[in-house]
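Report on the structure given below.
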Amino acid sequence: MRVIGIIGYKKSGKTTLTLKLSKELIKRGYKVAVIKHINKNIDMPTNSDTSKYKANLSQVAAITSEESVIFLKNKKNLEEIIKYLEADIILIEGFKKEKTFPKIVCLREESEKAELFDGLQLCTAGFVSKGVDPKLYDFNILNDEDIKKIAEITINKSFKLPNLNCGECGYQNCYGLAQEIVKGNKTPGDCPSLEPSTLVKVNGKIVPMNSFIAKIIKNTITGLLSPLKGFTKGDIEIKIKQK
């Protein structure tokens with residue numbers, strides 16, 4: 001799963017960039033999803049049937065002939081929401097404090113660099129406007145050629161660490177490894193939880209595990225299977241269908 005964040009303050013061009021970038025990636029054949037951070041509640045007509053359900057239930061789904069939407073009242077973290085998405089690349093607008101994926105920083109002025117740079121920035125972008133130094137940012141959001149360059153960066157350098165903070169990579173947390181990946185000193189393959197010796201998939205998606213849990217699962221399954229006739233050492237595949 002490839003993930004990249006698009007961060008910046010209000011009116012910095014985040015949504016414009018996200019839309020333009022998603023269109024460019026789709027044009028190149030990628031399946032793209034977007035997660036957007038919203039400070040307020042999602043607006044809906046108060047007298048609609050769906051809003052009435054939302055007022056009383058923690059999980060509500062609405063389905064039409066053209067689209068579907070799910071409302072989850074209980075707060076979910078990004079890792080949980082990502083599991084619902086089927087995409088090659090996920091663009092995350094907002095979530096400035098997240099530390100497990102690289103970011104594109106949308107700037108309005110020089111002082112914002114100190115506030116928004118956290119060692120995970122791949123590049124900067126902004127609008128051309130009167131009084132703004134064009135050297136402030138790397139790419140112009142309104143320039144189609146620049147959008148193509150940002151798309152290349154997204155394709156080649158986006159990633160998502162599992163936010164387990166297990167320390168198995170040699171760093172105290174995922175943030176430490178993520179910074180080194182952005183610098184080019186490490187790769188996502190250096191995260192043991194992304195390429196574990198014990199791999200569990202649910203609905204085709206890998207379930208991240210730290211090495212301790214992975215070892216427990218491995219030893220438990222091996223211990224259960226080893227007494228069976230015909231069991232030999234080697235790679236083990238188990239498929240369970242949930243009804």
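When the accessible area of the stretch 65-220 is computed with all protein chains present and a 1.4 Å probe, what percentage of it is carbon and sulfur?
Details: 4480 of 9200 Å².
Answer for the stretch 65-220 is 49 percent, counting heavy atoms of protein chains only.
Okay, helix-only estimate at 222 nm for the chain: each DSSP H run of n ≥ 4 adds -39500 (n - 2.57), divide by all residues, round to 500 deg cm²/dmol; what do you get?
So the helix-based figure for the chain works out to -8500 deg cm²/dmol.
Out of all DSSP beta bridges in the stretch 48-174, what portion is antiparallel? Express it as a percent rounded to 5. Working shown, then result.
On the way: 5 of 11 bridges.
Once the DSSP bridges in the stretch 48-174 are tallied, antiparallel ones form about 45 percent.
Which pairs, out of Lys73/Lys215; Lys54/Lys215; Lys14/Lys54; Lys11/Lys148, put more than 32 Å between their alpha-carbon atoms?
Numbers: Lys73/Lys215 35 Å; Lys54/Lys215 42 Å; Lys14/Lys54 29 Å; Lys11/Lys148 22 Å.
Too far apart for the 32 Å limit: Lys73/Lys215; Lys54/Lys215.
Quick one: what does P(r) look like for the chain with 5 Å bins over all Cα pairs, in whole %?
That works out to 1, 5, 11, 13, 15, 14, 12, 10, 8, 5, 2, 1, 1, 0, 0, 0, in percent per bin.
Considering only protein heavy atoms, what per residue accessible area in square angstrom results for the stretch 118-243 with a 1.4 angstrom probe? Mind dumping the intermediate values first?
Working: 8650 Å² over 126 residues.
Accessible surface, normalised per residue, equals 69 Å².
Among 227-235, 153-161, 205-213, 169-177, what's the highest-first ranking by average C-beta atoms within 10 angstrom per residue? Walk me through the numbers on the way to the answer.
Working: 227-235: 6.6, 153-161: 19.1, 205-213: 15.7, 169-177: 17.4.
Final packing ranking: 153-161, 169-177, 205-213, 227-235.
Hey, what did the chain get for relative contact order, percent, Cα under 8 Å, at least 6 apart? List each step's numbers first, then the result.
On the way: 333 pairs, mean separation 50.7, N = 243.
It comes to 21 percent, rounded to a whole number.
Under a GNM of the chain (C-alpha, springs under 10 Å), which listed residue has the highest mean-square fluctuation: Ala125, Ala178, Ala114?
Maximum fluctuation in the GNM of the chain, among the listed residues, is at Ala114.
Decide, for the stretch 102-178, between rounded, prolate and oblate: order the square roots of the alpha carbon gyration tensor eigenvalues as a ≥ b ≥ c, take rounded if a/c falls under 1.5, and otherwise choose prolate if a/b is larger than b/c, else oblate. Numbers along the way, then the final one.
Numbers: a/c = 4.36, a/b = 1.86, b/c = 2.34.
Cα axes put the stretch 102-178 in the oblate bin.
Helix by helix, which DSSP H runs in the chain go 15 Å or more along their axis at the Cα atoms and have an average Kyte-Doolittle hydropathy of 0.5 or more? Could you put the intermediate results ahead of the total?
Details: long enough: 14-27 (20 Å, -0.16); 144-157 (20 Å, -0.72); 211-225 (21 Å, 1.09).
Flagged H segments are 211-225.
Just going by the charge dipole of the chain, with Lys and Arg at +1 and Asp and Glu at -1 on Cβ, which of Ser193, Leu25, Ala214 is farthest out on the positive end?
Value computed over the given set: Ala214.
Along the charge dipole of the chain, Cβ charges K/R +1 and D/E -1, which of Leu116, Ile90, Ile7 sits furthest on the positive end?
Result: Ile90, furthest along the dipole toward the positive end.
With an 8 Å Cα cut-off and a minimum separation of 6 or more residues, compute the relative contact order for the stretch 41-173 in percent. Numbers along the way, then the final one.
Numbers: 116 pairs, mean separation 20.4, N = 133.
Rounded, it is 15 percent for the stretch 41-173.
Please give me, ordered by residue number, the trypsin sites (Lys or Arg not before Pro) of the stretch 1-109 that lie in loop per DSSP and have at most 15 other Cβ atoms within 10 Å.
For trypsin sites (Lys or Arg not before Pro) across the stretch 1-109 that sit outside H, G, I, E and B with at most 15 neighbouring Cβ atoms in 10 Å, the list reads Lys10, Lys11, Arg28, Lys31, Lys40, Lys73, Lys75, Lys76, Lys83, Lys96, Lys97.
So with the 1.4 Å probe, I'd like the accessible area per residue for the stretch 1-66, rounded to whole Å².
Values: 4710 Å² over 66 residues.
Roughly 71 Å² per residue, with all protein chains present.
State the antiparallel share, in %, of DSSP beta bridges confined to the chain, rounding to the nearest 5.
25
The values are calculated or read from the model by the stated rules, or taken from the named source; none is laboratory data. Everything numeric in this text was worked out from a predicted model, so none of it was measured. We place every Cβ from the backbone using ideal geometry, glycine too, and count neighbours over all the protein chains shown. Side chains included, ligands, DNA and RNA excluded: accessible areas come from the protein's heavy atoms. Shrake-Rupley method; radii C 1.70, N 1.55, O 1.52, S 1.80 Å.
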